[in-house]
Structures are given as C-alpha cells and as structure tokens.
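**Student:** Have a look at this one before I ask anything.
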Amino acid sequence: MNGRDAQSILRETFGYGTFRGFQREVIDHVAGGGDALVLMPTGGGKSVCYQIPALLREGVGVVVSPLIALMADQVAALRELGVRAAFLNSTLSARDAAAVEATMRRGGLDLVYVAPERLLTERCQRLLDECTIALFAIDEAHCVSQWGHDFRPEYGQLALLRQRWPQVPRIALTATADVPTRREIVDRLLLDARVFVASFDRPNIRYRIVEKREPREQLLRFVSDEHAGQAGIVYALARKTVEEVAAFLAGHGIAAVPYHAGMDAATRAENQRRFKAEDGRVIVATIAFGMGIDKPDVRFVAHLDMPKSIEGYFQETGRAGRDGLPADAWMTYGLADVVQQRRLIEMSDADDSYRRLSMAKLDAMLGLAEAADCRRVRLLAYFGEASAPCGNCDNCLTPPQVRDASDDARKLLSAIYRCQQAGGFGFAATHIIDVLRGKLTDKVKKFGHERLSTFGIGADVAEAEWRLLLRQLVAQHLVEVDYERFNVLHLAEASRAVLRGERRIELRRQVAAPRGRSKKARVAVGAALGAADAGLFETLRAWRAEVARAHGVPAYVVLHDSTLQTIARARPATIDDLRAIPGLGERKLANYGAQLLALVGQ
C-alpha cells in the first residue's frame with residue numbers, strides 16, 4: 001500500500017472522511033519514524049494511529065496486545081477492511097503458525113498481533129530479524145506500570161524493542177494513565193517519545209453513583225427499566241457474586257451470562273463469544289473481563305462494588321458507548337466496599353510504598369463516589385484536565401442534598417496545623433481525629449496535644465463523619481497526604497481560603513432512597529430515529545446478524561450500529577451515496593453495498 005497517503009487510506013480502507021483530534025499528527029509523526037505515547041479515551045480512535053502508519057511504511061506492523069482472546073476479532077475486523085492481518089498466539093496449531101511466519105517473511109502481511117510473552121521468546125525475535133518491520137505498536141501500554149490496575153510483568157521487558165531494533169519506530173497507546181504512569185511508560189519502554197494526550201472526556205457516557213442498599217434489586221431496576229434488550233457489562237468483585245447475579249438477572253428474563261477466571265475455559269470462552277456475537281447480551285464479570293473489548297454497542301457498564309481506583313473505574317466504564325451513542329456508567333457502593341478494598345490492600349504482599357499509593361487511589365475513588373458536585377469534573381481533574389459541570393451526570397441532573405461543613409472543615413484544618421506546629425512534623429488521619437474528638441491516647445499524651453485549643457472541639461461529630469470530610473478535603477486538594485511518610489497530613493495552599501471563611505465546604509447528606517420502581521429515560525440506540533427509520537434500522541441489524549453468522553465474526557465487525565443508524569436516516573440510493581456514510585470503506589462497499597441498497601429500497 002506504499003505510495004498512498006494517510007487521507008486516502010482513511011477514506012478508502014476505513015470509510016471515514018476526516019481525522020479526529022490529533023490522529024493525523026500522530027500518524028505523520030510515527031510514519032516519519034518517530035516514537036509516540038498516545039493517550040486517548042476508549043472509542044476515541046487509537047487504533048488508526050498505528051494501523052495507518054503500518055500501511056504507509058514498508059514492512060509489517062507488529063502489535064503487542066495483552067489478551068490473545070481478542071486478537072482474532074481484531075484481525076477479523078481488519079480483514080473485513082481488506083487489510084492483510086494475522087495473529088501469532090497459542091491458539092494456532094504449529095502448521096498454522098508456520099504459515100503465518102512464512103507469510104511474514106515474504107512480506108505478505110501489513111499487521112501482525114502478538115502477545116508480549118511470545119514477543120519475548122528468542123524464536124519470535126529471530127523471526128522478526130528476518131522481516132522488514134514497519135513499526136511496533138504497544139497497545140494497553142498502562143500494563144507496563146507496576147502501580148497500575150492491569151500490571152503485566154512482561155510489558156516491563158519490552159525495552160528490548162529499542163535495544164534490538166533501534167531504528168524501528170514505536171508507538172505506545174492507552175486510554176488510562178495519570179501523569180506518574182505516563183512517565184513510567186516512557187522510562188520503562190525507553191521511548192524517545194512525543195506525548196499526545198487527548199481529552200479524557202466521554203460526553204456520551206452518563207455517570208451515576210448510588211448508595212448501596214439492595215444492590216441486586218437496584219441493578220435489576222436499572223437494567224429492566226432503562227436497558228432492556230441492550231448489551232451491557234456488570235462488574236462484581238467476587239466470583240461467587242458474579243455467578244449469583246448472572247443467575248438472578250437471567251431468572252428475571254435478562255439474557256445474562258457469567259465470566260470469571262475460576263470458570264472452566266470452554267464455558268468462559270463461550271460466554272465471551274456470546275456477549276460479543278449476540279445483540280442485547282449482558283455479561284456479569286470480575287475485572288478479569290474487558291480489557292481491549294472492541295464491542296461498540298455496550299449501552300451500560302454497571303459496578304456492584306466500588307473499584308479500587310479511578311484508573312480502573314475509568315478503564316471499565318470506558319467500555320460503554322464506544323460507538324459515540326448515549327450510554328450509562330452506573331455504580332452502587334457502600335461502606336463494606338471500602339472495608340473490603342482496604343483489607344485487600346493491607347493483606348497484599350506489596351511493599352509499604354505500594355500499599356500507601358493503593359490507599360491513596362482508593363481514597364480518590366471514594367471521594368468521587370461521595371462527591372456532591374459534578375462527577376465528570378472530578379473524574380477529569382484526576383487526570384489533570386480542567387472542565388466545567390457537564391449537565392449530564394446524576395449530580396448535575398438531580399443535585400443532592402448537602403450540608404454546610406465549613407465550620408467542621410476549619411476545625412479539621414486547624415487541628416492538622418496545630419498538631420504539626422506542636423510536634424514539629426505532621427500526623428496521620430487517625431491521630432488528628434483523636435485530637436478533634438478529645439481521645440486521650442498514649443500518642444496524644446506523648447506530644448502534649450491534649451493542651452491544644454483544638455483538642456475535643458469535634459467531640460460531637462462521629463469519627464466516620466470526620467473521615468468523610470477529610471476524604472473530601474483531600475479530593476478537593478485542600479489537604480495533602482504524604483504517602484511516602486506514613487500518610488502524614490499537610491495543609492495545601494488552597495486551604496487558606498477555607499480557614500479565612502472565603503470558601504464554603506459542602507458534604508452530601510445521606511438520605512434514604514425511595515422504595516419502588518422509578519421509570520427513567522431509556523437509553524435507546526434508535527432514539528433519534530422516527531418510526532419508519534427505526535424499522536429500517538432493525539431490518540439492517542437483522543441482515544447484519546445473518547452476515548456475521550455466515551462470516552463467523554461478531555456483528556460489529558461487519559458494521560457498527562452508528563453506521564446502520566446513519567443509513568436508516570439518510571436512505572442512500574446509490575453506491576456514491578453510501579460512500580459518504582462513515583464506516584463504509586471500499587472493501588465493505590464492494591462486499592455489502594448492493595445488499596444495503598436493496599434493503600433501503602424495499
């Protein structure tokens with residue numbers, strides 16, 4: 001395909017007329033031989049950032065992908081576009097693997113997908129030495145971070161790409177990385193990289209977090225009232241919970257199946273296949289499921305237990321609405337979630353610094369759950385991105401009841417300051433709260449803190465309320481926690497405004513949830529279509545399902561819902577009319593154009 005330019009490949013192969021965001025800038029940089037780190041939200045178009053450079057450069061693009069279960073779908077989607085793609089993993093027989101290797105050696109592939117474990121073998125490296133390599137793409141690059149939620153030790157060894165093939169450009173891509181993780185990716189992979197950071201915002205996703213009361217009943221109402229017949233993912237922490245919730249939903253007429261690492265491999269693979277291939281399927285899973293899932297029409301992601309970090313929450317909720325159509329991120333959480341997650345951290349074999357960092361990430365996640373202000377603003381701020389209230393999350397749409405906690409905040413901030421002044425250094429949360437509540441502990445007596453003016457001034461406030469307030473002050477960057485020095489608390493510069501009475505602090509009131517069903521607006525793919533267009537959309541979906549079954553691929557590999565919706569609305573009459581619809585490249589026009597026009601013309 002050399003000799004073509006990026007714009008023509010985008011149009012003719014992928015079926016899109018314009019690049020999104022900085023895609024073109026990344027493509028030009030990597031095609032020109034440069035390294036790149038690309039941060040782009042799920043569904044934002046990361047793949048073309050390495051696929052098009054691989055088609056522009058001489059040789060085969062080698063894509064490092066962490067999950068072999070997903071490679072077949074990725075390759076099938078590329079082949080539908082007319083791209084010469086294959087994968088090398090343990091699912092292939094020796095004969096089939098040898099055939100892929102022979103095709104690589106003679107230059108017959110544009111892209112090949114490999115797992116990091118395979119790439120690290122001497123056999124695979126010798127194979128690559130015999131090929132012309134266009135580029136290396138390291139997908140899900142956050143797996144390199146030892147602090148991350150999806151850490152894969154093999155990713156940390158991928159620095160060998162720089163050492164063994166120093167002239168080959170490398171592009172690392174992820175949807176989830178805070179600033180320290182970005183630095184770690186660059187350092188551990190030895191990237192001489194230009195960093196491209198897109199907005200983390202997914203405006204089509206509505207974030208909703210509710211207090212856990214009767215979680216299964218709450219989930220059932222959410223799914224049946226708002227997402228009946230639609231695809232979704234439900235996450236739970238324990239395998240037993242996954243099994244029970246899947247059975248519970250199935251017992252109420254919802255097409256739900258379980259997925260977790262403790263199931264036999266054949267059943268687990270079949271449930272994943274059904275989720276990907278069938279419209280309207282719900283999968284109940286542990287977080288072992290989902291990384292790299294390309295299914296674009298997931299209309300909701302629900303968490304029955306609070307994730308351990310905002311990174312994990314963002315990664316998992318990002319699997320909803322990849323097609324850009326409306327989707328829900330729904331979560332229920334309670335005190336037991338916090339206790340369980342903390343216990344898991346304390347019982348881990350990790351060192352103290354890792355445990356402290358894990359506690360900090362958990363506190364940030366809890367701060368998001370307990371927030372009374374815009375969820376999206378909080379979420380984006382965690383990744384260093386400023387934003388305005390979204391008007392689409394639960395707190396924006398139905399502002400919660402709050403109480404003025406400014407006086408208590410001043411007491412807490414004063415206690416932190418006075419304890420530090422009296423002791424010459426900082427103290428952690430437990431000691432500060434003991435001082436506020438007037439508890440005469442050995443540590444309080446040791447430092448003479450019973451003589452401070454703040455001793456006992458918060459005795460009328462429960463310890464849990466003080467901790468909730470402290471989490472909010474940390475989440476709002478008014479108090480800093482030194483996780484390297486035993487979680488010592490320090491006042492941030494911004495706290496001065498609170499102490500001077502110039503800034504108001506509000507806390508969410510915990511109120512009883514109303515009993516009974518509450519009908520809410522259903523998130524419907526065809527919501528923007530009239531009755532006639534919606535009928536055509538369903539006809540197109542039925543046709544797509546037949547094609548997908550005949551080809552042995554998931555329905556979305558044939559065409560996305562968003563493409564079918566556009567066809568139903570535009571009602572194209574000619575091939576040129578179809579060519580103007582996003583998602584229809586030349587190969588798909590040749591394969592399906594006549595059938596689509598016939599369906600539209602019925």
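The values are calculated or read from the model by the stated rules, or taken from the named source; none is laboratory data. Source: prediction; values computed, not measured. Using ideal geometry, Cβ is built from the backbone for each residue, glycine included, and neighbour counts are taken over all protein chains shown. Keep in mind that these areas ignore ligands, DNA and RNA; they rest on the heavy atoms of the full protein, side chains included. Shrake-Rupley method; radii C 1.70, N 1.55, O 1.52, S 1.80 Å.
**Student:** Which of THR430, PRO572, MET365 sits closest to the plus end of the dipole of the chain, meaning its Cα is farthest towards the positive end, when Lys and Arg get +1 and Asp and Glu get -1 on the C-beta?
**Tutor:** Sorting the options by dipole projection puts first THR430.
**Student:** Under 27 Å Cα to Cα from LYS212, which lysines show up? Leave out anything in the same chain fewer than 8 places away.
**Tutor:** List returned: LYS240, LYS308, LYS361, LYS519, LYS520.
**Student:** Let me ask something additional. Run lengths n ≥ 4 of DSSP H only: what is the helix-derived mean residue ellipticity at 222 nm for the chain, with -39500 (n - 2.57) per run over all residues, to the nearest 500?
**Tutor:** Values: 27 runs with 269 residues, N = 602.
Computed mean residue ellipticity for the chain: -13000 deg cm²/dmol.
**Student:** Once the whole set of protein chains is in place, how much accessible area is left on HIS560, using a 1.4 Å probe, in Å² to the nearest 10?
**Tutor:** 60
**Student:** Could you work out the Kirkwood radius for segment 103-206, taking every pair of different alpha carbons, averaging 1/r and inverting it, reported in Å? Write down the numbers at each step before the final one.
**Tutor:** Details: mean 1/r = 0.0667 Å⁻¹.
The Cα-based Kirkwood calculation yields 15.0 Å.
**Student:** Here is a further query. Viscosity 0.692 mPa s, temperature 37 °C: what is the translational diffusion coefficient of segment 57-136 from Stokes-Einstein with a Kirkwood Rh over Cα pairs, rounded to a whole number of µm²/s?
**Tutor:** The calculation lands on 263 µm²/s.
**Student:** Kindly provide log₁₀ I(q)/I(0) values, in the same order as q = 0.11, 0.13 Å⁻¹, from the Debye equation applied to equal alpha-carbon scatterers of segment 304-436.
**Tutor:** -0.54, -0.75
**Student:** Here is a follow-up. Determine the share of the chain's accessible area contributed by carbon and sulfur atoms, expressed in whole percent, with a 1.4 angstrom probe.
**Tutor:** Working: 12770 of 25260 Å².
That share works out to 51 percent.
**Student:** Apply the Kirkwood formula to the chain: the hydrodynamic radius equals the inverse of the mean of 1/r over all pairs of different alpha-carbon atoms; give it in Å with one decimal.
**Tutor:** Result for the chain, one decimal place: 26.3 Å.
**Student:** Taking 0.36 nm per residue of sequence separation and subtracting the Cα-Cα distance, how much length would be gained by fully extending the chain between GLU270 and HIS551, in nm to one decimal?
**Tutor:** Details: separation 281, 0.36 × 281 = 101.16 nm, distance 1.73 nm.
The span from GLU270 to HIS551 would gain 99.4 nm if fully extended.
**Student:** Rounded to the nearest angstrom and ordered from largest down, what semi-axes does the equivalent ellipsoid of segment 370-445 get from its C-alpha gyration tensor (root of 5λ)? All intermediate terms of the calculation are to be shown ahead of the outcome.
**Tutor:** Numbers: eigenvalues 244, 47, 19 Å².
Those come to 35, 15, 10 Å.
**Student:** Per residue, how much accessible area does the chain show when a 1.4 Å probe rolls over the protein heavy atoms, in square angstrom?
**Tutor:** Accessible area per residue: 42 Å².
**Student:** Taking Cα pairs under 8 Å and at least six residues apart, what relative contact order does segment 409-514 come out at, in percent? Before the final figure, lay out the partial values.
**Tutor:** Working: 129 pairs, mean separation 30.1, N = 106.
About 28 percent, as a whole number.
**Student:** How high is the relative contact order of segment 261-335, given as a whole-number percent (alpha carbon pairs under 8 Å, six or more residues apart)? Numbers along the way, then the final one.
**Tutor:** Values: 74 pairs, mean separation 22.3, N = 75.
Result for segment 261-335 is 30 percent.
**Student:** From largest accessible area down, sort ASP192, ASP349, ASP561, ASP28; use a 1.4 Å probe on the protein chains.
**Tutor:** Working: ASP192 120, ASP349 160, ASP561 5, ASP28 80 Å².
In descending accessible area the options line up as ASP349, ASP192, ASP28, ASP561.
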